[in-house]
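The values are calculated or read from the model by the stated rules, or taken from the named source; none is laboratory data. The shown structure was predicted, so the numbers you read here are calculated from the model rather than taken from an experiment. Cβ sites come from the backbone with ideal geometry, for glycine too, and all protein chains shown count toward neighbours. To get the accessible areas, we keep the full protein, side chains included, count just its heavy atoms, and leave off ligands, DNA and RNA. Shrake-Rupley method; radii C 1.70, N 1.55, O 1.52, S 1.80 Å.
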Amino acid sequence: PLPSPRIVVIDRPQSPQSMIYAGHMLKGKGSDDLTDLVSANDILGATPLARIMQDLRETKNWSYGAWSLIDRNEQNVAYIVVAPVQADRTGDSIAAIQQNISDFLGPKGITPQELDRTVNGSIRELPGGYETSGAVLSQMQRDALFGRPFDYVEGLAARYRGQTAATLDAAARAAIDPNKMIWVVVGDKSVVMPQLAKLGLPVEVSTPVSNESAAAPAAAAH
């Protein structure tokens, strides 16, 4: 679908926390080679030491944990951000995430320290990732799904060693576009709406369907 950047609010009265979901569809398929993009996102948002987590949790103390991921299946890829935050900082948290993404894709690209940490971490976690039969089977299933050879992981260490800040920056900048993101906020409408009005995006409110109202048509059909 064509992107329609906006904020969708799902009202949850008296909630002390807001759950933020955001994202947009990426070009290409999940079966494409996304190694550099995934590594770039490890630095932006996928790990405890990533920029989004460090900013919202460690620096600002607005969230216990905030992260981003590259969500993929065989045919589609999406960039997703997830951030549960304290209700009175909902708008500020969205603005902070937007700033982190824009900085990462622009003037504040990957640093040598971030590259070394990500490359070394990715290589060192490989042996522990395949200690069980279930883990090996899961990798084989992913390889079958994405059309990769079953010795795919044996070449990953060399791939990681060959990564540079420039290649990872290029992968992220070619894929992620913060101007296409749709934001969903589950929280207390009376608290979050004044905050969201300052962000410059269209805001719409969606009323959640209760279990009772959802069950009524089914009961009537019977």
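Give the number of residues within the stretch 99-119 that are closer than 25 Å to I20 by Cα and open to solvent by 50 Å² or more (accessible area, probe 1.4 Å).
Residues flagged as closer than 25 Å to I20 by Cα and open to solvent by 50 Å² or more (accessible area, probe 1.4 Å) within the stretch 99-119 amount to 3.
Just the residues that are within 30 Å of G106 (Cβ to Cβ) and not small (G, A, S), please, taken from the stretch 127-172.
L156, R159, Y160, R161, Q163, T164, T167, L168, D169, listed by residue number.
Every residue in the stretch 186-202 that is part of a helix (DSSP H, G or I) and closer than 14 Å to R89 by Cβ, please.
Those that are part of a helix (DSSP H, G or I) and closer than 14 Å to R89 by Cβ: V191, V192, P194, Q195, L196, K198, L199.
How many of the residues in the stretch 151-197 are open to solvent by 70 Å² or more (accessible area, probe 1.4 Å) and β-branched (V, I, T)?
Number of matching residues: 0.
Of the residues that make up the stretch 73-89, is at least one part of a helix (DSSP H, G or I), open to solvent by 50 Å² or more (accessible area, probe 1.4 Å) and in contact (Cβ under 8 Å) with a residue 24 or more places away in the chain?
Let us first name the residues in the stretch 73-89 that are part of a helix (DSSP H, G or I), namely 87-89.
Within this subset, residues satisfying the condition of being open to solvent by 50 Å² or more (accessible area, probe 1.4 Å) are 88-89.
Then drop every residue that is not in contact (Cβ under 8 Å) with a residue 24 or more places away in the chain, which leaves 88-89.
Checking the stretch 73-89: at least one residue is part of a helix (DSSP H, G or I), open to solvent by 50 Å² or more (accessible area, probe 1.4 Å) and in contact (Cβ under 8 Å) with a residue 24 or more places away in the chain.
Of the numbered conditions (1) within 12 Å of the chain's Cα centre (by Cα); (2) under 18 Å from A170 (Cα atoms); (3) without any contact (Cβ under 8 Å) to a residue 60 or more places away in the chain; (4) not in a strand (DSSP E or B), D33 satisfies every one except a single condition; which is it?
Condition not satisfied by D33: (1).
What single numbered condition from (1) open to solvent by 40 Å² or more (accessible area, probe 1.4 Å); (2) at pLDDT below 95 fails to hold for G129?
If we test G129 against (1) open to solvent by 40 Å² or more (accessible area, probe 1.4 Å); (2) at pLDDT below 95, just (1) comes out false.
Which number in (1) over 30 Å from V203 (Cα atoms); (2) of a type outside the set (G, A, S); (3) modelled with pLDDT of 95 or more marks the one condition that W183 misses?
Result: W183 fails condition (1) only.
What number of residues in the stretch 6-29 are under 16 Å from the mean Cα position of the chain (by Cα) and either open to solvent by 50 Å² or more (accessible area, probe 1.4 Å) or under 15 Å from I176 (Cα atoms) (or both)?
So the count comes out to 8.
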